[in-house]
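Below you'll find the structure, written out as structure tokens, and then a few comments.
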Amino acid sequence: MEHEKTTDFFGKAVIETEALPIKLWLEADQLDEGALDQARDLASLPYAFRHIAIMPDSHQGYGMPIGGVLATRGALVPNAVGVDIGCGMCSLRTSLEEIDTDDLKAILAIIRETVPVGFARHKTPQDEAWMPERKGELPIVDQEYDKALYQVGTLGGGNHFIEVQKGSDGHVWIMIHSGSRNLGFTVANHYHEVAKQLNDAAGECVPEDLAHLPEASEAFALYRDEMNYCIEFALANRQLMMERVKAAFTEVLPSVEFSHFINKPHNFAAEEEHFGERVIVHRKGATRARAGEWGMIPGSQGTRSFLVKGKGEAYSFESCSHGAGRVMSRAKARKTLDFKAEVESLKQRGVLHAMRGRKDLDEAPGSYKDIDTVMRNQTDLVDVQVELEPLAVVKG
């Protein structure tokens with residue numbers, strides 16, 4: 001498909017065929033057709049503000065591309081946040097400068113015993129002190145609260161991970177990627193259905209996958225508050241897992257100390273000021289990167305990750321990528337990648353990995369974009385502070 005584009009936006013590609021421009025932090029031919037079509041849908045929304053920003057890790061999502069940033073006036077779009085509300089990453093620096101393989105294996109064994117992965121949850125409810133305080137009317141959260149007590153402190157599946165890394169600053173780091181588990185999924189799906197019903201009743205002509213909650217509706221405030229609770233729950237989930245990982249380290253290496261905790265969600269919506277107006281910025285698989293703000297950009301389990309500081313770039317709505325981004329679907333990865341070659345690449349890098357069979361190829365390094373290319377495409381968005389090489393990975 002032909003797309004009109006210019007390169008006068010600081011050398012970036014701009015698509016100008018829709019009601020609003022689409023600003024790309026990658027070449028248009030580096031974006032899969034499905035994601036590009038979704039970006040065009042975003043740029044045609046009547047409540048979208050100024051332009052659409054597409055980050056360099058972008059690929060097709062549900063309704064809105066992963067790695068997309070949408071600012072709106074007076075509307076919340078559940079699918080522009082996504083079903084894993086508050087999904088994000090946290091990092092923690094250890095006092096260790098080296099760690100041997102035997103100690104690392106012992107630590108991983110303890111983590112696997114104490115942190116449920118995939119569809120697993122805890123066999124008993126966790127301490128309620130880990131749960132965020134409930135304030136106001138939260139009907140779906142209240143409905144799912146007791147179940148969430150079993151899910152807090154669990155990793156989930158897909159691209160979620162616990163990774164031990166060696167930093168260019170000389171320290172061993174821990175990074176965790178996870179979200180709000182079934183709580184966020186249930187909240188997201190409920191309000192997406194409500195949005196569709198409201199839009200149908202009002203005769204709104206927008207794509208069903210981008211149904212929105214008007215600011216004047218009761219559902220707008222309910223979703224906003226439940227979304228914010230899920231964001232807090234996702235943080236609590238990562239914090240509890242981090243405590244279990246710290247306990248694993250101290251059981252094996254009692255003198256280890258921890259510092260420099262960083263947390264960043266990348267599936268959320270927040271009211272912010274941009275270009276002189278108060279708008280609602282939806283980041284779906286995109287990280288906020290205000291000037292001087294710390295963040296994390298992971299590669300795959302076989303490639304480098306990065307700790308960064310944002311530059312506060314206005315045209316990206318102060319955002320950057322949330323990772324490397326997929327270069328192929330999970331089904332295509334399982335079907336086409338060479339399992340032995342992927343395992344060999346991890347072996348050569350010395351990574352204690354999570355690849356056990358062809359079913360794990362959807363998270364193989366070959367299923368992701370080249371992280372170095374992604375980072376080169378956003379030098380105007382972030383400054384790299386620490387480069388992190390993977391040492392060991394636990395996956396869902």
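The values are calculated or read from the model by the stated rules, or taken from the named source; none is laboratory data. Please read all numbers here as calculations on a predicted model, not as lab measurements. Positions of Cβ are generated from backbone atoms using ideal geometry, with glycine treated the same way; all protein chains shown enter the neighbour counts.
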From the options 142, 127, residue that is at pLDDT 95 or above and either more than 30 Å from residue 211 (Cβ to Cβ) or among the basic types (Lys, Arg) (or both):
127
Failed criterion for residue 243 (all others in (1) buried (at least 20 other Cβ atoms within 10 Å of the Cβ); (2) more than 24 Å from residue 61 (Cα to Cα); (3) of a type in the set (D, E, K, R) hold):
(1)
Selection over the stretch 196-230 where residues are of a type in the set (Gly, Ala, Ser), in contact with a helix residue (DSSP H, G or I) (Cβ under 6 Å, 6 or more places away or on another chain) and part of a helix (DSSP H, G or I) yields a count of 1
Kindly list, by first and then second residue, each pair from a residue in the stretch 196-215 that is on the phi < 0 side of the Ramachandran plot and touching a residue at least 60 places away in the same chain (Cβ under 8 Å) to a residue that is aromatic (Phe, Trp, Tyr) and not in a loop (DSSP other than H, G, I, E, B), limited to pairs with Cβ atoms under 6 Å and residues at least 6 apart or on different chains.
213/220; 213/223
Given the residues 164, 187, 206, 256, which is the only one that is modelled with pLDDT of 95 or more, of a type in the set (A, V, I, L, M) and more than 19 Å from the chain's Cα centre (by Cα)?
256
Taking the stretch 344-367 only, how many residues are over 21 Å from residue 177 (Cβ atoms) and crowded, with 18+ Cβ neighbours inside 10 Å?
0
If I ask for residues that are surrounded by 20 or more Cβ atoms within 10 Å (Cβ to Cβ) and modelled with pLDDT of 95 or more, which ones from the stretch 282-303 would you list?
282, 283, 284, 285, 286, 287, 288, 289, 295, 296, 297, 298
What are the pairs, 6+ residues apart or on separate chains, where a residue within the stretch 249-278 that is under 19 Å from residue 178 (Cβ atoms) and of a type in the set (Lys, Arg) has its Cβ under 8 Å from a residue that is in a strand (DSSP E or B) and modelled with pLDDT of 95 or more?
264/88; 264/89; 264/90; 264/287; 264/288; 264/294; 264/295; 264/296
Restricting to the stretch 60-69, name every residue that is among the aliphatic types (A, V, I, L, M) and more than 11 Å from residue 210 (Cα to Cα).
66, 69
Going residue by residue through the stretch 198-220, is there one that turns out to be touching a strand residue (DSSP E or B) at 6+ places or on another chain (Cβ under 8 Å), of a type in the set (D, E, K, R) and surrounded by fewer than 18 Cβ atoms within 10 Å (Cβ to Cβ)?
yes
I need the full set of residues from the stretch 113-133 which are surrounded by 14 or more Cβ atoms within 10 Å (Cβ to Cβ) and outside any loop (DSSP other than H, G, I, E, B), in order please.
114, 130
Residue hits (the stretch 168-195; part of a loop (DSSP other than H, G, I, E, B) and either among the hydroxyl-bearing types (Ser, Thr, Tyr) or closer than 30 Å to residue 121 by Cα (or both)) are 168, 179, 180
Inspect all residues belonging to the stretch 156-174 and state whether any of them is surrounded by fewer than 21 Cβ atoms within 10 Å (Cβ to Cβ) and closer than 30 Å to residue 62 by Cα.
yes
Quick check on my filter: what residues within the stretch 138-155 are touching a helix residue (DSSP H, G or I) at 6+ places or on another chain (Cβ under 9 Å) and surrounded by fewer than 16 Cβ atoms within 10 Å (Cβ to Cβ)?
139, 143, 147
Determine which member of the set 50, 40 is surrounded by fewer than 21 Cβ atoms within 10 Å (Cβ to Cβ), part of a loop (DSSP other than H, G, I, E, B) and in contact (Cβ under 8 Å) with a residue 12 or more places away in the chain.
50
Exception for residue 367 within (1) polar (S, T, N, Q); (2) modelled with pLDDT of 95 or more; (3) within 17 Å of residue 159 (Cβ to Cβ) falls at (2)
Residue check for residue 97: of a type in the set (Asp, Glu) and in a loop (DSSP other than H, G, I, E, B):
yes
